[in-house]
Amino acid sequence: MSYTEATIQLLSPEGSLVESDVTAPYLPKIAALSDAQLRDFHRQMVVTRRFDIEAGNLQRQGQLALWIPSLGQEAAQVGSGYAARAQDHIFPAYREHAVGRLRGLDPMRIIELLRGLSHGGWDPAQTGNFHLYTLVIGSQSLHATGYAMGLTFDGATATGNPETDAAVVAYFGDGATSQGDVSEAFVFAASYQAPILFFLQNNHWAISVPVERQSRTPLYLRGTGFGVPSVQIDGNDVLASYAVSSTMLDSARAGGGPQFIEALTYRMGAHTTSDDPTKYREHDDVQFWSERDPISRFETFLRAKGESEAFFAEVATEAEDLAADIRTRTLALGVPPTDKMFAVYSDPHPLMDEQRAWLAAYEASLDEVTE
Ligand SMILES: Cc1ncc(C[n+]2csc(CCOP(=O)(O)OP(=O)(O)O)c2C)c(N)n1
Ligand SMILES: [Mg+2]
């Protein structure tokens, strides 16, 4: 499954703006962006990619239990993440590193999670309403829908004030669309006209299962069956991701009910560091999508607009500095006391006591073997 006639693209793979009847409603959103904002799109994508590569390296060097790469999906994430306003709530899956960064999440919180140092992540009230990573596929679509329904009950949306009216963005993948949770979320969101944008990153794979096996139709068409306005965009086009998300979020905040975007992108890396994609995917596919790389396409656009060499060099340095900082801070994390993993409840808990005692006995038995 690749681009279709319905795919909305504002930036061609050659890096120039697409002007047509289809793009006309969205182009004013791009025209309203300042040069500084456009530069920031590039900065966010490049810096996230560098962070992502560094985290993958750290996992390979034994510093993280697992890493979940976002390589190739930077435009889908930065564009949509940028379109959300401060008052909006974001419910990610587990690959939305760029969105978290845009909301003010210190990337070390993700590192700590995947090093096994935290019980769940972070406090969304302190991370720009960026809720917790959710590994139970698709379940966050229900949490997000419930939250959006709550916004309506609380009168926190559709009051006519775009500065304060709130909406929700729920991220999920192509594989998640086969989960009942996602269909149920669409039913409730549509029935209650909840202010939510469902943002599907179709990266073409659910681990080793291709999207063709998840759906006989392009996934965006499913939304219309629920009565939800639905579009398909080129997810490797940061301008399309931004402008279409922004337009649909405006509608959701103004009382227009749920909206659905299918962003066509590609997972250039492995599913996680536990996966080996060379076992199941074709070189030609990877080649096709690498020629549509989200960062190089946007860089071509910015260069044609006259951005200076100094700017690109500055972003490259910022990315290297972040990677070095992440490495230093990761290496300094050390190993937590074993007890910490049992500190789940504020009060004593018999099951935790039992498990703590079991582990202590097990570790003592290892000492006996080495002696
Ligand atoms: C309910 C549930 N079933 C199965 C899994 C195992 N699992 C982890 S990731 C994944 C694939 C998800 O694919 P997709 O929704 O396309 O997201 P992507 O990883 O491609 O971003 C599966 C099946 C899980 N975590 N949760
Ligand atoms: Mg997927």
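Quick note: the coordinates plus some simple rules give every number you see, no bench work behind them. Here the structure is a predicted model, which is why all the values come from computation and not from measurement. Positions of Cβ are backbone-derived with ideal geometry, glycine not excepted, and every protein chain shown enters the neighbour counts.
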Practice item. Could you please state, rounded to a whole Å, how far the C-alpha centre of region 306-338 is from the C-alpha centre of region 1-44? Key: 28 Å
Point to revise | Shape call, region 255-371: gyration tensor on alpha carbons, a/c limit 1.5 | key: prolate
Practice item. With r as the distance between the Cβ atoms of D35 and A332 and R0 = 35 Å, compute the FRET efficiency 1/(1 + (r/R0)^6) and round to 0.05. Key: 0.40
Review point. Put +1 on the Cβ of each Lys and Arg and -1 on the Cβ of each Asp and Glu in the chain; which of S365, G257, Q87 then has its Cα farthest toward the positive end of the dipole?
Key: G257
Point to revise | Whole-Å semi-axes of the ellipsoid equivalent to region 238-312 (Cα gyration tensor, √5λ, descending) | key: 29, 24, 10
Check your understanding: When the helices in the chain are scored as -39500 (n - 2.57) per DSSP H run of 4 or longer and the sum is shared across all residues, what 222 nm value do you end up with, to the nearest 500 deg cm²/dmol?
Key -> -14000 deg cm²/dmol
Study note, to complete from the structure: Candidates A316, A360, A84; GNM for the chain (alpha-carbon contacts under 10 Å) flags as most fluctuating A360
Revision key, fill the gap. Per GNM of the chain with C-alpha springs under 10 angstrom, the most fluctuating residue out of V344, V78, V209 is V344
Practice item. Only loop residues by DSSP count here, and only those with at most 12 other Cβ atoms within 10 Å; note down the chymotrypsin sites (Phe, Trp or Tyr not before Pro) in region 40-100 that meet that. Key: none
**Study point:** Förster radius 30 Å - calculated FRET efficiency between A6 and F311, Cβ distance, rounded to 0.05
**Key:** 0.30
Exercise for review: Go through A6, T23, V46 and say which Cα lies farthest out towards the positive end of the charge dipole of region 1-67; charges sit on Cβ, +1 for Lys and Arg, -1 for Asp and Glu.
Suggested key: V46
**Study point:** Other-chain or far-sequence residues with amide H under 5 Å of I233's (modelled H)
**Key:** I8, E262, A263, L264
Review point. In terms of the Cα gyration tensor, with a ≥ b ≥ c the square roots of its eigenvalues, is region 27-331 rounded because a/c is under 1.5, prolate because a/b exceeds b/c, or oblate?
Key: rounded
Practice item. With +1 on each Lys and Arg Cβ and -1 on each Asp and Glu Cβ, and nothing else charged, work out how big the dipole of the chain is about its Cα centre, in Debye to the nearest 20. Key: 460 debye
Point to revise | the chain: angle of helix 139-153 to the longest principal axis, Cα-based, in degrees nearest 10 | key: 60 degrees
Practice item. Enter the angle in degrees (range 0 to 90, nearest 10) between the Cα long axis of helix 294-304 and the first principal axis of the Cα atoms of the chain, meaning the one along which they spread out most. Key: 50 degrees
Review point. How big is the C-alpha Rg of region 53-138 next to the rule-of-thumb value 2.2 N^0.38 Å, as a ratio?
Key: 1.06
Practice item. Treating the angle as unsigned and between 0 and 90°, give the value, to the nearest 10°, between the Cα long axis of helix 350-370 and the longest Cα principal axis of the chain. Key: 70 degrees
Exercise for review: Under a cut-off of 18 Å between alpha-carbon atoms, report the aspartates and glutamates in cross-link reach of K305, not counting same-chain residues fewer than 8 places apart.
Suggested key: E14, E19, D35, D40, D237, E314
